[in-house]
């Protein structure tokens, strides 16, 4: 297997006769081994095994919801539910050998030589549903993420306790044992002036869902550290009351620190949560075996680039800005471009589904006409100096340069009347329709006289 299929020859025979055995060259760690695990997989006696050098049984940061093979579906409910090849794990892309999956595929649907292709498609409308990212918990060192074992993010814990995950839904510490106590910290990075001041809206409810799952799967004591519980949806308050009935300990106060420094014998070998319990007015130390952090939902790093591509502006928090928070929650300032889901703001699944349906309905309602803004910019050709400053500041690409006339011209269909060009024009050639200086002076005079 190692030589013929993988093509690295990291193991071979040593000695002769009854002492003959399979080992690495000179019985030392082999530099050619790529740790693919193929030898352990085919060994009929179990003499070859893959072990973590630190003796960890569960690696929380390396869990997947689906299979962990090189060719797999992303997760069981993925849409489209088709396999993909993980180039970082595939043996062929490391040694240029193997290709067992290609040989086993009867429809011959696997092609290792395929490369990425880009296609241009003409469409009449587009819906942006680029989603969100999670706040990097390592930015707050006092919570110990990345430093302490058994400190997980909410997504990693979801992978751990999911029935289709690698542990079969069992809640396990890195040493393979079940936790006797578990803490869930709300609002990590959110509702914090130092990071994100807004509420992510979903943390309270999925934190209580985690508590319910842990209660079902283990006998662990569960602690939830919160600022305010925001159970605002249908049936949410009832679920909160149910969690109280299941014995979940709700502590009102943001977790100040996660440490492993023990002050009492009961804290030895534990993770200690320091917090101020605002309901009883005192600082507490809670020893636990596992900590789950609920990070903020943040805008994707490429949101600005995507916004420029589609002519969509961003809000102060980095999410896509809607045309109007009440009257146009799925529309944008760019005609034919709509938004839905958490790319617009943090929201839960029901709100995302509703907004997606609204965006689809908005696309279907588009007719064969274009609505033009009543207030738009105009350029006085006699005053335009052709400096092109207005072109650079227009967020909607509504201004072009006429090479023959050596002036800038506005496309009325694209103009949204934002006034950016008017403010930037040094020659006074750009004006907003119905908002010329003479008209504004007349309005002021009429109000004062």
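Just so you know, all these numbers are worked out from the coordinates, no wet-lab data involved. Everything numeric here is computed off the predicted structure, so don't read it as measured data. Cβ: placed from backbone, ideal geometry, glycine included. Neighbour counts: every protein chain shown.
Details
- Against the chain, whose longest principal axis is taken from its Cα atoms, helix 349-364 shows a tilt of about 40°.
- In Å, descending, principal axis extents of the Cα set of the range 152-245: 38, 31, 23
- Relative compactness, the range 303-364, computed as alpha-carbon Rg over 2.2 N^0.38 Å: 1.02
- The slack in the chain from residue 109 to residue 440, taken as 0.36 nm per residue of separation less the alpha-carbon distance, amounts to 112.4 nm.
- Estimated translational diffusion coefficient (Stokes-Einstein, Kirkwood radius over Cα pairs, 37 °C, 0.692 mPa s) of the chain: 119 µm² per second.
- Most fluctuating residue given options 199, 105, 390, as computed from a GNM of the chain linking Cα atoms under 10 Å: 105
- Whether the range 1-53 is rounded, prolate or oblate, judged on the alpha carbon gyration tensor where a/c under 1.5 counts as rounded: rounded
- Sequence-distant contacts, meaning Cα pairs under 8 Å at least 6 residues apart, place the relative contact order of the chain at 12 percent.
- Summary of the geometry: the range 299-318 and the range 359-429, compared by the centres of their Cα atoms, lie 21 Å apart.
- Cα centroid separation - the range 180-232 against the range 69-118, whole Å: 37
- Principal-axis tilt of helix 437-448 within the chain, Cα atoms, nearest 10 degrees: 80
- Using a Förster distance of 25 Å, the FRET efficiency for residue 41-residue 170 (Cβ separation, nearest 0.05): 0.65
- Over the range 133-298, the Kirkwood radius and the radius of gyration, each from Cα atoms, give a ratio Rg/Rh of 0.93.
- Measuring nothing but how far apart in sequence close Cα pairs (under 8 Å, 6+ apart) lie, relative to its length, the range 377-448 scores a relative contact order of 37 percent.
- The range 303-364 - percent relative contact order, Cα under 8 Å, separation 6 or more: 23
- For the chain, the longest principal axis of the Cα atoms and the long axis of helix 203-217 meet at an angle of about 20 degrees.
- The helix-based estimate of mean residue ellipticity at 222 nm for the chain, built from -39,500 (n - 2.57) per DSSP H run of four or more residues and divided by its residue count, is -5500 deg cm²/dmol to the nearest 500.
- Residue 100 versus residue 86: modelled label distance in nm, points set 7 Å from Cα along the beta carbon direction: 1.6
- Site pair residue 26 and residue 412 shows an inter-label distance of 8.3 nm when each label is modelled 7 Å from Cα along Cα→Cβ.
- Spin-label model distance (nm) - residue 16 vs residue 404, 7 Å beyond Cα toward Cβ: 9.4
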